[in-house]
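Report on the following structure.
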Amino acid sequence: MEGISEGKIIRSKLLAYGFEKGRVPMELTPEIKRIASLMSNLPANQKVLKFNCSKQQVNVYTEEFLTSHFTIHPVAYLPLEKCQQIWNSYIEGNKIDIDTLSKFNEELEKSVEYINPNQIPIEYISGHSMIGECHKFLTLILDDEYLKKVIIPICKISLGDNITKLSTATKVHEITHTQLERVKQTTKHYHNKEVLPIFLEKVVALELDNSLELLTACETMRFRSFLEYVLDLYEENNHSRTERVEASAYITSTLKAVNLFDRYLESNQEERKEILAGIQMVFDGKTTVEEYLDSQDITLENSTNIGLIQKHLSRR
């Protein structure tokens, strides 16, 4: 998209997904910088060989976790090749105007299949067990009317091929994204987009291993990612605005997810059920992520509590 500012491209992407805020990279506060310094000595790699499992077990564990806590909604699925075929048939060689784009979107809506997210095809790629991505089809045309209406089909989920029980946490993380993006504007602020996926990956790790060793590995790898994103913002001149916005989302979300998870850990069984029931309300489209965080009194300010982070680092 030559000649179009990166800011406008970011704005358009956020509009397509229904985010109202979050186009501007965050400013790192002294508290966040101090938290990052606490994480600077964390090991780069986590040995989780004792938690190796099969691909089939990952699927079973994921389904068992989700069905035991939530009602999961079907999501729009269409293979990438079919999405591209429809795009080419409507757009290639034609004038790109709102009528053409509307017809393309109508054809997408007729072609998608609404399936249980557990049935989305999994592609295993080279990498550790907390690598994951939910692949979707979105061709960014900078037209507000089109972007507000465009359907964004899910094509596949990729996971790292070093398969352990943490792969289950990663798969749940990605399926959580499918639920949050099912209804546009479920998340209002882009910087909050990872809070619930990161929180639920911790809950999975807690439930799959009573010794907390798996949870420790999960949190250590997430804290290492947090540190890398902070370093990205330190060197903002070496990174695009898009990359810095993405870093902002992971930094903010990681801190809030730790805060929410700490409350979950300290809660009794009934209180835990209430925390998860609130997330179900988000999945149902009855409340937003921001309203849910407000109900739990989770803010960026109280999530940058040094003592809170030290508490979670102390298990190492």
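The values are calculated or read from the model by the stated rules, or taken from the named source; none is laboratory data. All figures in this text were calculated on a predicted structure; none of them were measured in a lab. For neighbour counting, all protein chains shown are included, and Cβ atoms are generated from backbone atoms with ideal geometry for every residue, glycine included. All accessible areas refer to the heavy atoms of the entire protein, side chains included, with ligands and DNA or RNA removed. Shrake-Rupley method; radii C 1.70, N 1.55, O 1.52, S 1.80 Å.
Here is how the numbers come out for the structure above:
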read-out	value
Expected 222 nm ellipticity per residue - DSSP helices of 4 or more, -39500 (n - 2.57), all of the chain, to 500	-18000 deg cm²/dmol
Length added when fully stretched, residue 148-residue 277, from 0.36 nm per residue minus Cα-Cα	43.5 nm
Per-residue SASA entry for residue 299, accessible area with 1.4 Å probe, Å² rounded to 10	40 Å²
Principal axis dimensions, largest first and in whole angstrom, of the chain by Cα	60, 44, 38
Virtual spin-label span in nm between residue 234 and residue 31, 7 Å along Cα→Cβ	2.1 nm
Those lysines that a straight Cα-Cα span of less than 23 Å connects to residue 50, excepting residues fewer than 8 apart in one chain	165, 171, 202
Accessible area of residue 163 in the full protein assembly, 1.4 Å probe (Å², nearest 10)	30 Å²
Inter-label distance, nm, simple model (7 Å from Cα along the C-beta direction), residue 96/residue 114	3.0 nm
18 Å Cα-Cα reach of residue 33 towards aspartates and glutamates, excluding residues that sit fewer than 8 places from it in its own chain	228, 232, 235, 236, 246, 301
With at most 15 neighbouring Cβ atoms within 10 Å, loop GluC sites (Glu not before Pro) (DSSP) excluded, longest segment of the chain	93-234
Anisotropy class of region 148-210 from Cα gyration tensor, a/c 1.5 cut	oblate
